[in-house]
């Protein structure tokens, strides 16, 4: 998007800037798959967001964070820990790929 506004802005410039913002505490970096090949950035004071990355088509599907929020609260309650952020990577199949794989008989419906 930045490149469409100014042709001199490269992808490397965007990521250097995002990394600087992360060092300054303005944004948080999160990986969206276990191999840490893809990352997302969010405003540091924004809500946590987690995704399921589809193994078939690569789509990132936002997932509800209530279970992870509950787990963080339980860590605080049971262990006396302080949780400042959480990062979880989920992989599987998006709804469209799940339906196709089930139709092809490559995925059980359960």
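For region 1-39, the set of residues classified as under 29 Å from residue 86 (Cβ atoms) and assigned to a loop (DSSP other than H, G, I, E, B) consists of 1, 24, 25, 26, 32, 33, 34, 35, 36, 37, 38, listed by residue number. Summed over region 25-82, the residues that are touching a helix residue (DSSP H, G or I) at 6+ places or on another chain (Cβ under 7 Å), closer than 22 Å to residue 94 by Cβ and surrounded by fewer than 13 Cβ atoms within 10 Å (Cβ to Cβ) give a count of 1. Filtering 105, 92, 110 for residues that are at pLDDT 90 or above and over 18 Å from residue 34 (Cβ atoms) leaves a single hit, 105.
The values are calculated or read from the model by the stated rules, or taken from the named source; none is laboratory data. This one's a predicted model, so the numbers in the text were calculated from it and none came from an experiment. Cβ sites come from the backbone with ideal geometry, for glycine too, and all protein chains shown count toward neighbours.
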